[in-house]
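Each remark here refers to the structure printed beneath this line.
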Amino acid sequence: MLRRGLKVYYFSVVILLSVFVVSGCYKFKGDETIPAYISIDDINLNTYYPDEGTNSADIIDVWVYLDDGLVGVFELPIKDYEPIPILASGKHKLEIRPGIKLNGISSTRVPYPFYKPIIFEDYDFFPGKTDTLGTLTTTYYSDTKFAWLEGFEQSSISFENYNDTIIQRTEPENNPIAFLSPNSRYSGEINLTTERSQYLGTSYNSFDMQPAGTIILLELNFKTNNYLQVGLWIRDQYGLDEKDLLILNHTDGEWKKIYINLGSNLSLAPLAYDYKVIFRAGLESDLTSTKLLIDNIKIVYR
């Protein structure tokens with residue numbers, strides 16, 4: 001349940017493997033009764049382009065820790081008139097972990113394992129005072145691996161198409177339908193019509209399997225008024241096994257960001273050689289044509 005006043009989530013968080021295990025909540029000590037307060041406007045992602053792709057992110061929560069104990073999970077933005085109360089005074093370790101919705105599901109909010117936490121080793125708390133932290137910045141951990149990066153900025157696209165409908169770059173450069181940013185001038189575009197009503201495409205390359213338990217996620221941006229299915233082709237000695245992951249819903253003309261968990265499905269195939277990501281779409285019955293747009297595709301793991 002969400003208490004509107006402080007925007008604190010009181011729900012059972014789905015644990016994404018061991019990286020999300022919480023060590024325990026902070027226990028208030030002594031006679032502290034007047035909290036200090038902090039507010040946070042937003043958290044931006046800074047990337048090293050092109051090695052890490054664009055800085056597209058959808059950080060919706062902050063997981064706040066005091067001296068390694070969980071204070072709570074708070075929805076961004078956290079304004080000065082609704083700050084986070086922390087029962088502490090003097091210098092303490094303050095840690096802020098960027099949070100996302102795993103698989104686009106509101107009930108599976110988790111700290112993103114590839115974004116570095118923002119840590120203040122000796123943060124000075126003053127009871128009764130609100131500190132405005134403004135907009136913070138995070139980065140990927142330096143040991144994050146990027147198995148696939150496709151931003152559609154090059155004329156050669158790392159997709160393989162399996163029918164007459166293909167994915168192509170938006171044209172011309174900086175077309176307003178594309179995902180536009182300082183490092184993004186093009187997006188991937190799938191056109192469905194009544195004559196070409198189906199699309200099936202995969203990543204051009206296959207990706208190596210990782211040790212069991214490795215957290216592997218697929219990031220992407222999408223804009224569509226037609227359902228788009230995302231799945232896996234997992235190859236082993238017997239052939240290909242297709243796993244459906246999820247369906248990307250209509251976005252009402254807006255670009256959306258999603259983080260899709262691949263690791264749980266890949267861990268079920270310990271004898272597999274490699275895998276590909278697949279995209280399927282069929283023109284919905286109430287449409288005669290449509291454009292499906294995707295961009296900033298990343299497969300990341302550590």
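Computed from the coordinates by the stated procedures, all read-outs in this text should not be read as laboratory data. Source: prediction; values computed, not measured. Ideal geometry is used to build each Cβ from the backbone, glycine not excepted, and the neighbour counts take in all protein chains shown.
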Q: Output ³J(HN,Hα) for region 194-200: one whole-Hz value per residue in order, computed from phi by the Karplus curve 6.51 cos²θ - 1.76 cosθ + 1.60 with θ = phi - 60°, and x for Gly and Pro.
A: 5, 7, 10, 9, 10, 10, 9
Q. Among Gln198, Gln237, Gln210, which one moves the most in a GNM of the chain with springs linking Cα atoms closer than 10 Å?
A. Gln237
Q. When the Cα atoms of region 101-163 are enclosed in a convex hull and the volume is divided per residue, what value in Å³ results?
A. 191 Å³
Q. How big is the chain by the Kirkwood estimate over distinct Cα pairs, in Å?
A. 21.1 Å
Q: Subtract the Cα-Cα distance of Arg302 and Ser107 from 0.36 nm times their separation in residues, and report this length gain in nm to one decimal.
A: 67.8 nm
Q. Residue by residue, what Karplus-based ³J(HN,Hα) values in Hz, rounded to whole numbers, does region 86-95 have, using 6.51, -1.76 and 1.60 with θ = phi - 60° and x for Gly and Pro?
A. 10, 7, 7, 9, x, 8, 9, 7, 10, 10
Q: Read phi for every residue in region 176-182 and hand back ³J(HN,Hα) as whole Hz from Karplus 6.51 cos²θ - 1.76 cosθ + 1.60, θ = phi - 60°, with x for Gly and Pro.
A: x, 7, 7, 7, 10, 7, x
Q | Pair Ser142, Ala212: separation of 7 Å Cα→Cβ label points (nm) | A | 3.3 nm
Q: For Tyr162 and Arg196, compute 0.36 nm times the residue count separating them, minus their Cα-Cα distance, and round to one decimal in nm.
A: 11.0 nm
Q.
How much length would be gained if the chain were fully extended between Tyr81 and Glu254, taking 0.36 nm per residue of separation minus their Cα-Cα distance, in nm to one decimal?
A. 59.4 nm
Q.
Looking at the chain, identify the longest residue range that excludes and avoids all chymotrypsin sites (Phe, Trp or Tyr not before Pro) in DSSP loops having at most 15 other Cβ atoms within 10 Å.
A. 82-140
Q.
How big is the dipole moment of region 161-302 about its Cα centre under a simple scheme where the beta carbon of each Lys and Arg is +1, that of each Asp and Glu is -1, and everything else is neutral? Debye, nearest 20, please.
A. 340 debye
Q) Starting at 0 and stepping by 10 Å, how many percent of the alpha carbon pairs of region 145-301 end up in each bin? A) 11, 40, 35, 13, 1
